[in-house]
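Engineer: Quick one: structure below, then a few questions.
The values are calculated or read from the model by the stated rules, or taken from the named source; none is laboratory data. Small disclaimer: the values here were computed from a predicted structure and weren't measured. In this analysis, Cβ positions are derived from the backbone assuming ideal geometry, glycine residues included, and neighbour counts consider all displayed protein chains.
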């Protein structure tokens, strides 16, 4: 493809920092670069505590362990999401109650959540699709009234914000009790494979460190709080190599530059495709007034699958790769017979009609726009 | 410390290959370097199939998912092991039945296994401590008679072998139904954090790929076997970044050289400490006739904790770091009240009396030997 869907952007310092990590001889996890990344993100976005993980999937799994899922517990999340959002809770024995998407946006329909709550509901997992905030006031209010946890799936939501009714602007991932971020190569800020758990409710901090360190109190040991460390809880090896953290650090140092460039591209798409979209009954992304835009993704929503697939083919003929996104999880091979049978029409519509355009730092955007319009 | 306990050895090509992976723009998992590593290890050691993972912990977790652990299932493993051996099964709801160690070696006492089997037993997890084989004929025979799975915890056992009664020499990790390896920076062959699942029973291959790819049939999709991929099973993000695989590839290319050097060091320890050990009632490592030695670790077993701690202090005073190893898992804070109360005296003895000496490629071994003897 002349124009791929995604191309990882390198700031130039990644290999330098990786080399530095390797030369210092500390290449397992939780070293200098891990600390640099965690502190930077905590300070910049006001998270309670940050722990780097090997993937966003792993951060979600940590969250599922932290809230003590028992078999049969129910978790409410959108059906239009990545499999990991659901798998993290499935692995702990939970049942997933899938919600539909908003009419104007693929994010969870906040007004549909309350009817899905039962005595077994343990948490709501809003997914900030395309890095655009869900209505967090509504979700936090429902959670508080029903004593539920909120775990933000902020995989795509780095450097994106939500402004609440109180007028306060908060970073996505800093609002729920816990939040998971991705640094997969397809995201704005990358480390190949990688993720992070943000812990905003203090009750989880101590145990999160333990679960992260394979169920041991090794972190306390290194702080001198205990004289030897041992097995105190369940856990896994969630921490990434310092090599991965070093790569991430080079990206974080250039976060502002990366974000400015992506926003510029995103706004060109919006301006240049506006007339074409109206003429062709195509919807462009909607950013609700409470949300900011982190330019993670530019997508089109067609009136039907035929017109979408026609554009995919048209772009492909010009060597441009555009891709659809999630298949509805509630009707997947794995979950169809576990789902309660409710139709989720908006989810199915986005599955069939949404198309993502190429979006990366070095994109030659004019070529894509010309190919769409022609 | 002048002489640390471990120092990661770099072959010189690690940063070159990492740079190559980064420049090609494929830095998420399952790319060129992942394939190179997986194929090399499969061919060299006769594994059925290899899948790189972000850690040995994650490989064990994949194994636990693959054998379909149900809450209440029992898993037999030594108490003298790393927490991850147990956590992987705990996370699936299993109960751990801890076995004692051999009198002559910290590995599982094979003769104690059969008495621990109940109607709920699902698997035996032999841990090849210090890279030295357990008696796999005995273990496989027990497993076959009782219809149990065998999952080799081969975290320390790269390039180590077992010779069975049939006279055939097999690589550790190629004998059980499944096996988990570690490439953590403390191992012979490293990638910072990293691991691998070896799959020897063909019934697990297809599902292992699915679980590895977050519960999707993405691998089948890329082989052209299905026209789109979706959610077909539970799973997680077990695959490491290509950056990690690239690092590992540089190590694997130099495996023979690394192993020769470690074996040379190990044999110097054995020869030089023989008389001293006899005079001081210290046991040196025993390699059973059915096992090979991969020189992962050189350890001493003292007659009591006092004499061990004296040597730790003596070495520390000369800026040499020697370290004890596992604390008995059956009496850990997390598991003591879940354990069935059996005493495991050999496990406790190794917990109190075993000491690991520095062992790494660039070790100045004479200094350590002199410090011990003085």
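Engineer: Given the criteria under 30 Å from residue B:312 (Cβ atoms) and either assigned by TED's automatic domain parsing to the domain that holds residue B:223 or part of a helix (DSSP H, G or I) (or both), does residue B:6 qualify? First the steps, then the outcome.
Structural biologist: On the way: under 30 Å from residue B:312 (Cβ atoms): yes; either assigned by TED's automatic domain parsing to the domain that holds residue B:223 or part of a helix (DSSP H, G or I) (or both): no.
No.
Engineer: Okay, next question. Consider residue A:50 carefully, then state whether it is more than 19 Å from residue A:153 (Cβ to Cβ), more than 12 Å from every other protein chain (Cβ to nearest Cβ), buried (at least 21 other Cβ atoms within 10 Å of the Cβ) and in contact (Cβ under 8 Å) with a residue 60 or more places away in the chain. Walk me through it before giving the result.
Structural biologist: Numbers: more than 19 Å from residue A:153 (Cβ to Cβ): no; more than 12 Å from every other protein chain (Cβ to nearest Cβ): yes; buried (at least 21 other Cβ atoms within 10 Å of the Cβ): yes; in contact (Cβ under 8 Å) with a residue 60 or more places away in the chain: yes.
Taking the combined requirement at face value, the residue does not satisfy it.
Engineer: Please tell me if residue B:181 is within 14 Å of chain A (Cβ to nearest Cβ) and touching a strand residue (DSSP E or B) at 6+ places or on another chain (Cβ under 6 Å).
Structural biologist: So residue B:181 fits the description; yes.
Engineer: Pick from the range A:206-224 the residues that are in contact (Cβ under 8 Å) with a residue 24 or more places away in the chain, in contact with a helix residue (DSSP H, G or I) (Cβ under 7 Å, 6 or more places away or on another chain) and within 10 Å of chain B (Cβ to nearest Cβ): which of them is surrounded by the most Cβ atoms within 10 Å (Cβ to Cβ)?
Structural biologist: Restricting to residues being in contact (Cβ under 8 Å) with a residue 24 or more places away in the chain, in contact with a helix residue (DSSP H, G or I) (Cβ under 7 Å, 6 or more places away or on another chain) and within 10 Å of chain B (Cβ to nearest Cβ), the top hit is A:213.
Engineer: Out of B:227, B:274, report the one residue that is part of a loop (DSSP other than H, G, I, E, B) and surrounded by fewer than 17 Cβ atoms within 10 Å (Cβ to Cβ).
Structural biologist: Numbers: B:274 fails: part of a loop (DSSP other than H, G, I, E, B).
It is B:227.
Engineer: Can I ask one more? Any idea which of A:88, A:99, A:123 is within 14 Å of another protein chain (Cβ to nearest Cβ) and either touching a helix residue (DSSP H, G or I) at 6+ places or on another chain (Cβ under 7 Å) or surrounded by fewer than 24 Cβ atoms within 10 Å (Cβ to Cβ) (or both)?
Structural biologist: Values: A:99 fails: within 14 Å of another protein chain (Cβ to nearest Cβ); A:123 fails: within 14 Å of another protein chain (Cβ to nearest Cβ).
The unique qualifying residue is A:88.
Engineer: Any residue in the range B:250-259 that is more than 10 Å from chain A (Cβ to nearest Cβ), assigned to a helix (DSSP H, G or I) and touching a strand residue (DSSP E or B) at 6+ places or on another chain (Cβ under 8 Å)? So that I can check it myself, show each step before the final result.
Structural biologist: If we filter the range B:250-259 for residues that are more than 10 Å from chain A (Cβ to nearest Cβ), which is where we start, we get B:250-259.
Checking the rest, the ones that are also assigned to a helix (DSSP H, G or I) come to B:250-253, B:255-259.
Those still in the list that are touching a strand residue (DSSP E or B) at 6+ places or on another chain (Cβ under 8 Å) too: none.
No: zero hits.
Engineer: Then there's this: Which of the residues belonging to the range A:346-362 are more than 30 Å from residue A:112 (Cβ to Cβ) and buried (at least 23 other Cβ atoms within 10 Å of the Cβ)?
Structural biologist: At the first step, the residues of the range A:346-362 found to be more than 30 Å from residue A:112 (Cβ to Cβ) are A:358, A:360-362.
The answer is A:358, and nothing else.
Engineer: Quick check on residue A:307: is it farther than 24 Å from residue A:83 by Cα, out of contact with any strand residue (DSSP E or B) (no Cβ under 7 Å at 6 or more places or on another chain) and not in a helix (DSSP H, G or I)? Before the answer, list the steps.
Structural biologist: Numbers: farther than 24 Å from residue A:83 by Cα: yes; out of contact with any strand residue (DSSP E or B) (no Cβ under 7 Å at 6 or more places or on another chain): yes; not in a helix (DSSP H, G or I): no.
Answer is no for this residue.
Engineer: Take the conditions within 12 Å of chain B (Cβ to nearest Cβ) and either assigned to a strand (DSSP E or B) or surrounded by fewer than 17 Cβ atoms within 10 Å (Cβ to Cβ) (or both) and apply them to residue A:29. Does it pass?
Structural biologist: Taking the combined requirement at face value, the residue does not satisfy it.
Engineer: While we're here: Looking at the range B:1-26, which of its residues are within 27 Å of the chain's Cα centre (by Cα) and modelled with pLDDT under 90?
Structural biologist: Scanning the range B:1-26 gives a single hit, B:1.
Engineer: Please go through the range B:242-253 and pick out each residue that is buried (at least 18 other Cβ atoms within 10 Å of the Cβ) and out of contact with any helix residue (DSSP H, G or I) (no Cβ under 6 Å at 6 or more places or on another chain).
Structural biologist: Matches in the range B:242-253: B:244, B:251.
Engineer: Could you check the range A:315-344 and list, in sequence order, the residues that are away from chain B (no Cβ under 14 Å) and in contact with a strand residue (DSSP E or B) (Cβ under 9 Å, 6 or more places away or on another chain)? Write out each step before concluding.
Structural biologist: Step one: filter the range A:315-344 for residues away from chain B (no Cβ under 14 Å), giving A:315-320, A:322, A:340-344.
A:315, A:318, A:319, A:320, A:322, A:340, A:342, A:344, listed by residue number.
Engineer: Check the range B:97-117 and report whether any residue there is in the same structural domain as residue B:172 (by TED's automatic domain parsing), touching a residue at least 12 places away in the same chain (Cβ under 8 Å) and under 27 Å from residue B:237 (Cβ atoms). Explain how you work it out, then say what you get.
Structural biologist: So in the range B:97-117, the residues in the same structural domain as residue B:172 (by TED's automatic domain parsing) come out as B:97-117.
Then drop every residue that is not touching a residue at least 12 places away in the same chain (Cβ under 8 Å), which leaves B:97-114, B:116-117.
When the remaining residues are screened for being under 27 Å from residue B:237 (Cβ atoms), the result is none.
No, every residue in the range B:97-117 fails to be in the same structural domain as residue B:172 (by TED's automatic domain parsing), touching a residue at least 12 places away in the same chain (Cβ under 8 Å) and under 27 Å from residue B:237 (Cβ atoms).
Engineer: Okay, next question. Residue check, residue B:346 against (1) in contact (Cβ under 8 Å) with a residue 60 or more places away in the chain; (2) within 20 Å of residue B:75 (Cα to Cα); (3) in contact with a helix residue (DSSP H, G or I) (Cβ under 7 Å, 6 or more places away or on another chain), all met but one. Which one?
Structural biologist: (3)
Engineer: Quick check: anything in the range B:134-157 within 28 Å of residue A:332 (Cβ to Cβ) and free of Cβ contacts under 8 Å to residues at least 12 places away in the same chain?
Structural biologist: Checked the range B:134-157: no residue is within 28 Å of residue A:332 (Cβ to Cβ) and free of Cβ contacts under 8 Å to residues at least 12 places away in the same chain.
Engineer: Restricting to the range B:10-24, count the residues that are touching a helix residue (DSSP H, G or I) at 6+ places or on another chain (Cβ under 8 Å) and surrounded by fewer than 22 Cβ atoms within 10 Å (Cβ to Cβ).
Structural biologist: Within the range B:10-24, the subset touching a helix residue (DSSP H, G or I) at 6+ places or on another chain (Cβ under 8 Å) is B:10-22, B:24.
The next check asks that each one be surrounded by fewer than 22 Cβ atoms within 10 Å (Cβ to Cβ); those that pass are B:10-13, B:15-16, B:19-20, B:22, B:24.
Looking only at that region, the number is 10.
Residue-wise test of (1) farther than 30 Å from residue B:96 by Cα; (2) surrounded by fewer than 20 Cβ atoms within 10 Å (Cβ to Cβ); (3) within 14 Å of chain B (Cβ to nearest Cβ).
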| residue | (1), (2), (3) |
| --- | --- |
| A:150 | yes, no, no |
| A:190 | yes, no, yes |
| A:204 | no, no, no |
| A:231 | no, no, yes |
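Engineer: Could you tell me which numbered condition residue A:304 fails, if it satisfies all but one of (1) over 17 Å from residue A:358 (Cα atoms); (2) in contact with a helix residue (DSSP H, G or I) (Cβ under 9 Å, 6 or more places away or on another chain); (3) surrounded by 13 or more Cβ atoms within 10 Å (Cβ to Cβ)?
Structural biologist: Residue A:304 satisfies all of (1) over 17 Å from residue A:358 (Cα atoms); (2) in contact with a helix residue (DSSP H, G or I) (Cβ under 9 Å, 6 or more places away or on another chain); (3) surrounded by 13 or more Cβ atoms within 10 Å (Cβ to Cβ) except (3).
Engineer: Hey, another quick one. Kindly establish whether residue B:245 is in contact with a strand residue (DSSP E or B) (Cβ under 8 Å, 6 or more places away or on another chain), more than 9 Å from chain A (Cβ to nearest Cβ) and modelled with pLDDT of 95 or more. Talk me through it step by step, then tell me what you get.
Structural biologist: Numbers: in contact with a strand residue (DSSP E or B) (Cβ under 8 Å, 6 or more places away or on another chain): yes; more than 9 Å from chain A (Cβ to nearest Cβ): yes; modelled with pLDDT of 95 or more: yes.
Yes; evaluated as a whole, the condition is true for this residue.
Engineer: Here is a follow-up. Restricting attention to the range B:25-43, which residues are touching a helix residue (DSSP H, G or I) at 6+ places or on another chain (Cβ under 9 Å) and without any contact (Cβ under 8 Å) to a residue 12 or more places away in the chain? It would help to see each step written out before you state the result.
Structural biologist: Here is the first cut: in the range B:25-43, the ones touching a helix residue (DSSP H, G or I) at 6+ places or on another chain (Cβ under 9 Å) are B:26-38, B:40-41.
Answer for the range B:25-43, where residues must be touching a helix residue (DSSP H, G or I) at 6+ places or on another chain (Cβ under 9 Å) and without any contact (Cβ under 8 Å) to a residue 12 or more places away in the chain: just B:35.
Engineer: Residue A:131 passes all but one of (1) crowded, with 24+ Cβ neighbours inside 10 Å; (2) in contact with a strand residue (DSSP E or B) (Cβ under 8 Å, 6 or more places away or on another chain); which number fails?
Structural biologist: Here residue A:131 meets the rest and fails (2).
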